[in-house]
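Please treat every number below as a calculation from the coordinates, not as lab data. Everything quoted here is computed from the prediction, not taken from an experiment. Here Cβ is always computed from backbone atoms with ideal geometry, including for glycine, and neighbour counts include all displayed protein chains.
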Amino acid sequence: MNDIYQDMAARLSQLEEEGNLRRLTPLRHEGRCVYTEKGGRKPMLNLSSNDYLGLAARTDWWREFVEGIPAEVLLPTSSSSRLLTGNFPVYTELEGELATQLGCEATLVLGCGYHANAGILPAVADKSTLILADKLVHASLIDGIRLSQAHCIRYRHNDLGQAERLLVKYHGMYSRIIIVTESIFSMDGDEADLPALVALKKRYPNVMLYVDEAHAFGVRGDNGMGCAEEQGCVQDIDFLVGTFGKAAASAGAFVACKRVAREYLVNHMRPFIFTTALPPVNVAWTLHVVQRLPGLKDERRQLHAIASRLRQGISLAGMQSVGSSHIVPLVVGESAKAIRMAECLQSAGFYALPVRPPTIPQGTSRIRFSLTAALKAEEVDALASELRRLHKSHFG
Ligand SMILES: *Cc1c(COP(=O)(O)O)cnc(C)c1O
């Protein structure tokens, strides 16, 4: 082995010692359950999926979709970038449907949320731009910031007082300021105050607002379009990003923005221009789901209800969860403890995963319960009593 590979191996051993080594676990899926090699034939309730509405587990939807669709739309490849020959009609149809449901000027469908976040900021931010980003924004947004020419200041998580002081101080020194946040935060499961952010941005003409709704799309709002829809501020957000890989049970992403901004992105956004367009079959499936999102009010209510139930159960078990959404993190501290706890839960039939540094800060390792509307109240209660038992025994 040469030095480079020895160095890689040494770094991996170090990660393993710290309890932060990641591995790809082979999984078999069956509806709401998963099976691992280690777990043998025992089904584990999947509490780590982003299938928030339980749609990925509903084979009846998929069957209905496949049966009703002409073969040319079932095409598994677009064979080109959208700017060349990959722009199938179903793309435009999906963009129109999203714009109508959101009540915005335009939308642009993109390959995935990572592309959206890594590509929009570099396209719209230059050297005279300041980005003010929440301390906890997703890695894909951090990469977008790094790829851009802009200066960036991170404000403390959800500390809009600090964001305001930064705006007051800097708005005259940059041609443009972009405030960047998520609506529901992936790791803490808490929410940004969108109306307050909108009020902040409206104080200066050169301030834009960028909101990543990856965890809220499908889950919030009357039509299921997210927190901005729920709070009536879609049109005040300059770049609203939603993804299809989570609640929408598909793949891909979109940005909702002004028509001129869409055209600008088509001309400047590298992860839009230099990539093969999503397969038409995939976009058609997304359209199929998006058309039905407004009708999934019961699923959204159920998701909300079981999340409250789990939070309550955790607090009755003598532990503390953070946040307020369907993502329920249970912070336990050290990585080793989070790993042990996840293993115990898995042997009890709950497939929950530990989240560790560098995804989150040192010393805040957690079990992250990512709930779906397909869960039943009894299952959540069983989970809560298992947590109570664990807390009383070796985790107390
Ligand atoms: C999942 C996620 C993304 C990435 O979306 P993909 O479509 O999976 O690439 C972006 N932002 C946030 C906050 C996410 O949770």
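Summary table below
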quantity: Eligible lysines near LYS392 by straight Cα distance, threshold 29 Å, same-chain separation 8 or greater; calculated: LYS38, LYS42, LYS337, LYS376
quantity: Choice from LEU132, LEU141, LEU12 showing the highest fluctuation, given a GNM over the chain with Cα pairs closer than 10 Å; calculated: LEU12
quantity: In order through the range 101-115: 3J(HN,Hα) via Karplus (6.51 cos²θ - 1.76 cosθ + 1.60), integer Hz, x for Gly, Pro; calculated: 5, 7, x, 10, 5, 7, 9, 10, 7, 10, x, 5, x, 4, 4
quantity: Ordering of 382-393, 365-376 by burial proxy (mean other Cβ atoms within 10 Å per residue, highest first); calculated: 365-376, 382-393
quantity: Size of charge dipole - the chain - debye, nearest 20, with Cβ of Lys, Arg +1 and Asp, Glu -1, no other charges; calculated: 740
quantity: Contour minus Cα-Cα distance for SER81 and ARG176 (0.36 nm per residue); calculated: 31.2 nm
quantity: Positive-end residue of SER183, PRO294, PRO358, charge dipole of the chain with Cβ unit charges; calculated: PRO358
quantity: Residues with amide H under 5 Å from that of VAL322, placed H, sequence gap 5 or more; calculated: VAL331
quantity: Inter-site label distance for LYS376 and HIS29 at 7 Å from Cα along Cβ, in nm; calculated: 2.2
quantity: Most to least packed among 270-282, 223-235 [average Cβ atoms within 10 Å]; calculated: 223-235, 270-282
quantity: FRET efficiency estimate (nearest 0.05) - Cβ-Cβ, LYS169 to LEU21, R0 41 angstrom; calculated: 0.45
quantity: Note, ³J(HN,Hα) from phi for the range 43-51, Karplus 6.51, -1.76, 1.60, rounded to Hz, x at Gly and Pro; calculated: x, 10, 5, 6, 10, 10, 9, 9, 7
quantity: Gain upon complete extension [GLU334, HIS157; 0.36 nm per residue less C-alpha separation]; calculated: 61.6 nm
quantity: Value of D in µm² per second that Stokes-Einstein yields for the range 182-237, Kirkwood Rh from Cα pairs, at 20 °C (1.002 mPa s); calculated: 187
quantity: Shape category assigned to the range 345-396 from the gyration tensor of Cα positions, a/c cut at 1.5; calculated: oblate
quantity: Percent of C-alpha pairs per 5 Å bin, the range 63-294, short to long; calculated: 1, 7, 15, 19, 20, 16, 10, 6, 3, 1, 1, 0
quantity: Choice from MET173, MET319, MET269 showing the highest fluctuation, given a GNM over the chain with Cα pairs closer than 10 Å; calculated: MET173
quantity: Built amide H within the under 5 Å cut-off of CYS112, gap 5+; calculated: ALA253
quantity: The range 122-227: C-alpha gyration tensor shape, a/c 1.5 cut-off, then a/b vs b/c; calculated: prolate
quantity: Phi-based couplings in Hz for the range 216-232 (Karplus 6.51, -1.76, 1.60; Gly and Pro marked x); calculated: 9, 5, x, 9, 10, x, 4, 8, x, 8, x, 5, 5, 5, 4, 9, x
quantity: Rg(Cα)/(2.2 N^0.38 Å) for the chain, N = residue count; calculated: 1.02
quantity: Potential extension, LYS392-HIS304 segment - 0.36 nm per residue separation minus Cα distance; calculated: 28.9 nm
